[in-house]
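Beneath this line is the structure, given in structure tokens, with notes to follow.
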Amino acid sequence: MKTETVYESYGPEDTFALGEKLGREGVPGQFCTLTGDLGVGKTVLTQGIAKGLGIEEPVNSPTFTIVQVYESGRIPLYHLDVYRIGDPSEMEEIGCEEYFYGEGLCIVEWADLIEELLPEQRTEIMIEKDLEKGFDYRRITIKEVGLS
Ligand code: ADP
Ligand code: MG
């Protein structure tokens, strides 16, 4: 089954608000991929998810640390940014399975770089610009994949 929903965002507040909704609806063990170019709003969306989960701490892209765990919300948030992963074997070193198949909501920025390691059952979130619709416009597509 593949269900796909498209959202239109006209600024960071819209993207944040969509994230907040996803965070409120998030369930334990949920795995989300987050793809889109640099500066498209992946971290903004994740900050909204954190808010929706009830996390008050600041959330930033864990580009250099790869993973950041937040335990202060309704369920844990595992926020990964794999942009700087050189080789998928580095993911095993950080113990990624603990996050991919853990108790919390896991979201992976740049998930397409480690495609072969990812759980097949997942929420795929893709953010794209469309400059014809303005500099701040983003099309956000969310697909539930692998659910039977
Ligand atoms: P990424 O994590 O994808 O590299 P960030 O979330 O760090 O990107 O940054 C997105 C940037 O784009 C922010 O500076 C944000 O203010 C800006 N921006 C402009 N329009 C939007 C939008 N519609 N949604 C999200 N961010 C937007
Ligand atoms: Mg980011």
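Quick rundown of the values:
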| item | result |
| --- | --- |
| Conditions (1) out of contact with any helix residue (DSSP H, G or I) (no Cβ under 8 Å at 6 or more places or on another chain); (2) within 10 Å of ligand 1 (Cβ to nearest atom): number failed by Arg138 | (1) |
| Some residue of the stretch 67-79 being of a type in the set (S, T, N, Q) and within 14 Å of ligand 1 (Cβ to nearest atom) | yes |
| Matching option when the condition is under 14 Å from the mean Cα position of the chain (by Cα), modelled with pLDDT of 95 or more and on the phi > 0 side of the Ramachandran plot, among Gly104, Gly41, Gly54 | Gly41 |
| Test: residue in the stretch 6-22 that is surrounded by fewer than 21 Cβ atoms within 10 Å (Cβ to Cβ), closer than 26 Å to Leu147 by Cβ and within 14 Å of ligand 2 (Cβ to nearest atom) | no |
| Criterion (within 17 Å of Tyr99 (Cα to Cα) and assigned to a helix (DSSP H, G or I)) met by exactly one of Thr46, Thr33, Thr65 | Thr46 |
| Looking only at the stretch 126-142, and only at residues there that are within 16 Å of Gly39 (Cβ to Cβ) and within 16 Å of the chain's Cα centre (by Cα), the one that is nearest to ligand 2 (Cβ to nearest atom) | Ile127 |
| Ile55 being in a loop (DSSP other than H, G, I, E, B) and within 27 Å of Tyr10 (Cα to Cα) | yes |
| Checking Ile94 against (1) β-branched (Val, Ile, Thr); (2) at pLDDT below 95; (3) over 26 Å from Gly11 (Cα atoms); (4) within 16 Å of the chain's Cα centre (by Cα), the condition it does not meet | (4) |
| Residues being farther than 18 Å from Phe135 by Cα, modelled with pLDDT of 95 or more and among the hydrophobic types (A, V, I, L, M, F, W, C) - total across the stretch 1-24 | 4 |
| Neighbours by Cβ (under 9 Å, 6+ apart or cross-chain): first from the stretch 76-91, within 21 Å of Leu22 (Cα to Cα) and part of a strand (DSSP E or B); second more than 16 Å from ligand 1 (Cβ to nearest atom) and of a type in the set (D, E, K, R) | Leu77/Glu71; Tyr78/Glu98 |
| Any hit, the stretch 135-143, residues being loosely packed, with under 15 Cβ neighbours inside 10 Å and more than 23 Å from Ala17 (Cα to Cα) | no |
| In the stretch 30-59, residue surrounded by the most Cβ atoms within 10 Å (Cβ to Cβ) [restricted to those that are polar (S, T, N, Q) and near ligand 2 (Cβ under 8 Å from one of its atoms)] | Thr46 |
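The values are calculated or read from the model by the stated rules, or taken from the named source; none is laboratory data. Only a predicted model underlies this, so the values are computations on that prediction, with no experimental measurement involved. Here Cβ is always computed from backbone atoms with ideal geometry, including for glycine, and neighbour counts include all displayed protein chains.
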